[in-house]
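Participant: Let me give you the structure first, and then I'll get to my questions.
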Amino acid sequence: MEFYNREREIRDLLNMIKQEPNLITFIYGPINSGKSSLMLEVINRLPKGYVAFYVDLRRRYIIDDKSFVRVLFRIRYEKDLREILEEIVSTSDKVLKFFNIPIPANILKEFLKDKPIDDVFEFLEDFFLKISKKKRIILILDELQVIKDIKINEFLIYKLFNFLLSLTKVLHICHVFAITSDSTFIERIYNEAMLQGRSRYYLVDDFDRETVEKILRSKGFSNEEIDIVWHYFGGKPIYLVEAIQVKRIGKDIKELCEEFYEIRYGQLEEIIYKEKRLNERRFEEIIELLKEFRDKNFLRYKEINPTIQFLIEKNILFADPKKKFLKPQSHLELIAIRNLLKEVEK
Ligand SMILES: Nc1ncnc2c1ncn2[C@@H]1O[C@H](COP(=O)(O)OP(=O)(O)OP(=O)(O)O)[C@@H](O)[C@H]1O
Ligand SMILES: [Mg+2]
C-alpha cells in the first residue's frame, strides 16, 4: 500500500519520542482519518535503538480482564523469557517491531489461569524496565475505546492508566501512544482528573485541500475531478484511496462519489427520522443543532449535551475536546446534513 504525505505529523511524533518519556500521548481524530496507518508509518521510520510494540485492542473481542490480557500478548512457543529479552536487547542492526508483546506460552497460561490483572501489569513493568536499559521503547495501544466500559471491581481503564503512568511519568522508560476515534471517550479522558498534566493530545485529521490536490494531481486527476472528490470526500484518506483505484481502472469518479453519498444520506435519514418517531423533542433539538451547519463547516461547543452526544455516537459528528469544536465526520455527512435539512423543512 502506498503511503501519502503526513510529513508534518511524522516529524512531530518522531520529535516527541526523542525526548525522555514523560507523558501519555493520546492520538485522536475523526473516523478513518488515518490514525493507525500513521502510527504504523512512524514505527517504520524509527531510528536504530528503538523497539516498538503495537497492540490492536480490537483484534479480539474483549469482555473481561482475561480477554484483555490475551489481546496484549503474542505467544512465542520456541523461546523462554530470557531468550525473548535477549533477542530484543541484543538486536542492534535494525529496529524491532512487534505486533503485541511476545511472551512464552507458560507465562501467558499462568496469567490466564488465576493471576490478577495487577500481576500482569507488574510483569510488563519489569519486562519494559529490563529492555529500557539497552533500548528506547514505544508502546502503541490502538482502539483504546474497546475497554472503556469494562469493569473488574473497578474500571479496567483506570488500572491501565495507572500502569501507563508508571511507564511514563514515574519511571520514564517507555513512550506510550493510545489511539481512539471515539470522540465521547476522548472527551472523557481529556477531562479525567488522574491524567491532568500527565498526558497530551494529538489530532490526526483528514487531509487538507492542498494535500488532497497534491495527491490527486500526482495520480493524473483533472481539476474538475479534484473538485468533485473534494466536494464529496474532503480529505478522508480511505475515500481518496478508493477514488484513486477507481480512476486507475478508468471508471467515472462522479459516479463513485454519488454512490457513496447516496448510501450515507440514506443512513442519516434513517437515524434522524427514527428519532422523530421515537422522541419528537430530541428530533427538534437535533435539527436545531444541524441547522448551524447550513453555512458553517464547524462549530464551537461548550459542553457535550445529550443531543451532541447522540450525533457523535451515531458517527455523524466528531468533537475535538482540545479545541472544543464540532464538525461532521466527513464531507459526505456535511452534504447529507444540508440536504436533509432542506427535506425536513419542506
Ligand atoms: N497517509 C495515508 N496514505 C495512504 N492511505 C492512507 C493513509 N492514511 C489512511 N489511509 C487509508 O485509509 C484507511 C483508513 O485509515 P486508518 O485505518 O489508518 O484510519 P483510522 O483513523 O485508524 O481509522 P479508525 O477510526 O477506524 O481507527 C487505510 O486502510 C488506508 O487505506
Ligand atoms: Mg485505527
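Participant: So how many residues does the stretch 305-335 have that are aromatic (F, W, Y) and either in contact with a strand residue (DSSP E or B) (Cβ under 8 Å, 6 or more places away or on another chain) or modelled with pLDDT under 95 (or both)?
Facilitator: Residues of the stretch 305-335 that are aromatic (F, W, Y), as a first pass: 310, 318, 325.
From what's left, either in contact with a strand residue (DSSP E or B) (Cβ under 8 Å, 6 or more places away or on another chain) or modelled with pLDDT under 95 (or both): 318, 325.
Adding up the residues that qualify gives 2.
Participant: Next up: Can you confirm whether N162 is at positive phi and away from ligand 2 (no atom under 16 Å from the Cβ)?
Facilitator: Values: at positive phi: no; away from ligand 2 (no atom under 16 Å from the Cβ): yes.
Judged against the criteria, N162 is not a match.
Participant: In this structure, is R200 in a strand (DSSP E or B), more than 16 Å from ligand 1 (Cβ to nearest atom) and not acidic (D, E)?
Facilitator: Numbers: in a strand (DSSP E or B): yes; more than 16 Å from ligand 1 (Cβ to nearest atom): yes; not acidic (D, E): yes.
Yes; evaluated as a whole, the condition is true for this residue.
Participant: Give the residues of the stretch 257-268 that are among the charged types (D, E, K, R) and either exposed (fewer than 15 other Cβ atoms within 10 Å of the Cβ) or in the same structural domain as L332 (by TED's automatic domain parsing) (or both), sorted by residue number. Break it down stepwise before answering.
Facilitator: Here is the first cut: in the stretch 257-268, the ones among the charged types (D, E, K, R) are 258-259, 262, 264.
Result: E258, E259, E262.
Participant: Quickly run through the stretch 99-141 and pick out the residues that are of a type outside the set (V, I, T), surrounded by 15 or more Cβ atoms within 10 Å (Cβ to Cβ) and closer than 20 Å to E41 by Cα.
Facilitator: N100, K135, R136, L139, L141
Participant: Kindly establish whether K169 is outside the structural domain of S36 (by TED's automatic domain parsing) and not hydrophobic (A, V, I, L, M, F, W, C). Don't jump to the end; show me each part of the working.
Facilitator: Numbers: outside the structural domain of S36 (by TED's automatic domain parsing): no; not hydrophobic (A, V, I, L, M, F, W, C): yes.
Taking the combined requirement at face value, the residue does not satisfy it.
Participant: Can you spot a residue in the stretch 71-83 that is free of Cβ contacts under 8 Å to residues at least 40 places away in the same chain, within 16 Å of ligand 2 (Cβ to nearest atom), surrounded by 15 or more Cβ atoms within 10 Å (Cβ to Cβ) and hydrophobic (A, V, I, L, M, F, W, C)?
Facilitator: Yes, the conditions are met somewhere in the stretch 71-83.
Participant: Do we find a residue being under 23 Å from N22 (Cβ atoms), surrounded by fewer than 19 Cβ atoms within 10 Å (Cβ to Cβ), touching a Lys or Arg at 6+ places or on another chain (Cβ under 8 Å) and in contact (Cβ under 8 Å) with a residue 24 or more places away in the chain anywhere in the stretch 193-201?
Facilitator: Checked the stretch 193-201: at least one residue is under 23 Å from N22 (Cβ atoms), surrounded by fewer than 19 Cβ atoms within 10 Å (Cβ to Cβ), touching a Lys or Arg at 6+ places or on another chain (Cβ under 8 Å) and in contact (Cβ under 8 Å) with a residue 24 or more places away in the chain.
Participant: Does F260 satisfy the criteria of being away from ligand 1 (no atom under 16 Å from the Cβ), modelled with pLDDT of 95 or more and among the aromatic types (F, W, Y)? Break it down stepwise before answering.
Facilitator: Values: away from ligand 1 (no atom under 16 Å from the Cβ): no; modelled with pLDDT of 95 or more: yes; among the aromatic types (F, W, Y): yes.
Criteria not met by F260.
Participant: Considering only residues of the stretch 1-24 that are assigned to a loop (DSSP other than H, G, I, E, B) and of a type in the set (A, V, I, L, M), which is surrounded by the most Cβ atoms within 10 Å (Cβ to Cβ)? Outline the logic, then answer.
Facilitator: Step one: list which residues in the stretch 1-24 are assigned to a loop (DSSP other than H, G, I, E, B), which gives 1-6, 19-23.
Next, from what is left, pick out any that are of a type in the set (A, V, I, L, M): 1, 23.
Values: M1: 5, L23: 18.
Out of the qualifying residues, it is L23.
Participant: If you check I244, I226, I215, I238, which single one turns out to be within 16 Å of ligand 2 (Cβ to nearest atom) and either assigned to a helix (DSSP H, G or I) or touching a strand residue (DSSP E or B) at 6+ places or on another chain (Cβ under 9 Å) (or both)?
Facilitator: On the way: I244 fails: within 16 Å of ligand 2 (Cβ to nearest atom); I226 fails: within 16 Å of ligand 2 (Cβ to nearest atom); I215 fails: within 16 Å of ligand 2 (Cβ to nearest atom).
Of I244, I226, I215, I238, the one residue that is within 16 Å of ligand 2 (Cβ to nearest atom) and either assigned to a helix (DSSP H, G or I) or touching a strand residue (DSSP E or B) at 6+ places or on another chain (Cβ under 9 Å) (or both) is I238.
Participant: Please count how many residues of the stretch 239-289 are acidic (D, E), closer than 20 Å to L334 by Cα and free of Cβ contacts under 8 Å to residues at least 24 places away in the same chain. Spell out the reasoning first.
Facilitator: Step one: list which residues in the stretch 239-289 are acidic (D, E), which gives 242, 252, 255, 258-259, 262, 269-270, 275, 280, 284-285, 288.
Still in the running and closer than 20 Å to L334 by Cα: 242, 255, 258-259, 262, 269-270, 275, 284-285, 288.
Narrowing further to those that are free of Cβ contacts under 8 Å to residues at least 24 places away in the same chain: 242, 255, 259, 262, 270, 284-285, 288.
Residues flagged as acidic (D, E), closer than 20 Å to L334 by Cα and free of Cβ contacts under 8 Å to residues at least 24 places away in the same chain within the stretch 239-289 amount to 8.
Participant: Give me a count of the residues in the stretch 137-166 that are within 16 Å of ligand 1 (Cβ to nearest atom), in contact (Cβ under 8 Å) with a residue 60 or more places away in the chain and in a loop (DSSP other than H, G, I, E, B).
Facilitator: Here is the first cut: in the stretch 137-166, the ones within 16 Å of ligand 1 (Cβ to nearest atom) are 140-148.
Subset that is in contact (Cβ under 8 Å) with a residue 60 or more places away in the chain: 140-144, 146-147.
In the following step, the residues that additionally are in a loop (DSSP other than H, G, I, E, B) were identified as 143.
The number of residues fulfilling the criteria is 1.
Participant: Looking at (1) more than 19 Å from the chain's Cα centre (by Cα); (2) crowded, with 19+ Cβ neighbours inside 10 Å, which is the one condition that is false for G49?
Facilitator: Here G49 clears every test but (2).
Participant: Still on this structure: If you scan the stretch 65-95, which residues turn out to be part of a strand (DSSP E or B) and touching a helix residue (DSSP H, G or I) at 6+ places or on another chain (Cβ under 6 Å)? Please lay out each step first, then the result.
Facilitator: Quick first cut of the stretch 65-95, residues part of a strand (DSSP E or B) only: 73-75.
Hits for the stretch 65-95 are F73, I75.
Participant: So is I117 in the same structural domain as E41 (by TED's automatic domain parsing), touching a strand residue (DSSP E or B) at 6+ places or on another chain (Cβ under 7 Å) and modelled with pLDDT under 95 or not? Spell out how you get there, then give the answer.
Facilitator: Values: in the same structural domain as E41 (by TED's automatic domain parsing): yes; touching a strand residue (DSSP E or B) at 6+ places or on another chain (Cβ under 7 Å): yes; modelled with pLDDT under 95: yes.
So I117 fits the description; yes.
Participant: Determine which single condition R6 fails, assuming it passes every other condition in (1) under 18 Å from I179 (Cα atoms); (2) more than 14 Å from ligand 1 (Cβ to nearest atom).
Facilitator: R6 satisfies all of (1) under 18 Å from I179 (Cα atoms); (2) more than 14 Å from ligand 1 (Cβ to nearest atom) except (2).
Participant: Hey, another quick one. Restricting to the stretch 25-46, count the residues that are buried (at least 22 other Cβ atoms within 10 Å of the Cβ) and either assigned to a loop (DSSP other than H, G, I, E, B) or modelled with pLDDT under 95 (or both).
Facilitator: Of the residues in that region, 3 qualify.
Participant: Inspect all residues belonging to the stretch 150-161 and state whether any of them is of a type in the set (A, V, I, L, M, F, W, C), crowded, with 16+ Cβ neighbours inside 10 Å, over 18 Å from R70 (Cβ atoms) and in the same structural domain as I62 (by TED's automatic domain parsing). Working first, answer last.
Facilitator: If we filter the stretch 150-161 for residues that are of a type in the set (A, V, I, L, M, F, W, C), which is where we start, we get 150, 152, 155-157, 160-161.
The next check asks that each one be crowded, with 16+ Cβ neighbours inside 10 Å; those that pass are 150, 156-157, 160-161.
Those left that are additionally over 18 Å from R70 (Cβ atoms): 161.
Cutting the leftovers down to in the same structural domain as I62 (by TED's automatic domain parsing) gives us 161.
Yes.
The values are calculated or read from the model by the stated rules, or taken from the named source; none is laboratory data. Everything quoted here is computed from the prediction, not taken from an experiment. We place every Cβ from the backbone using ideal geometry, glycine too, and count neighbours over all the protein chains shown.
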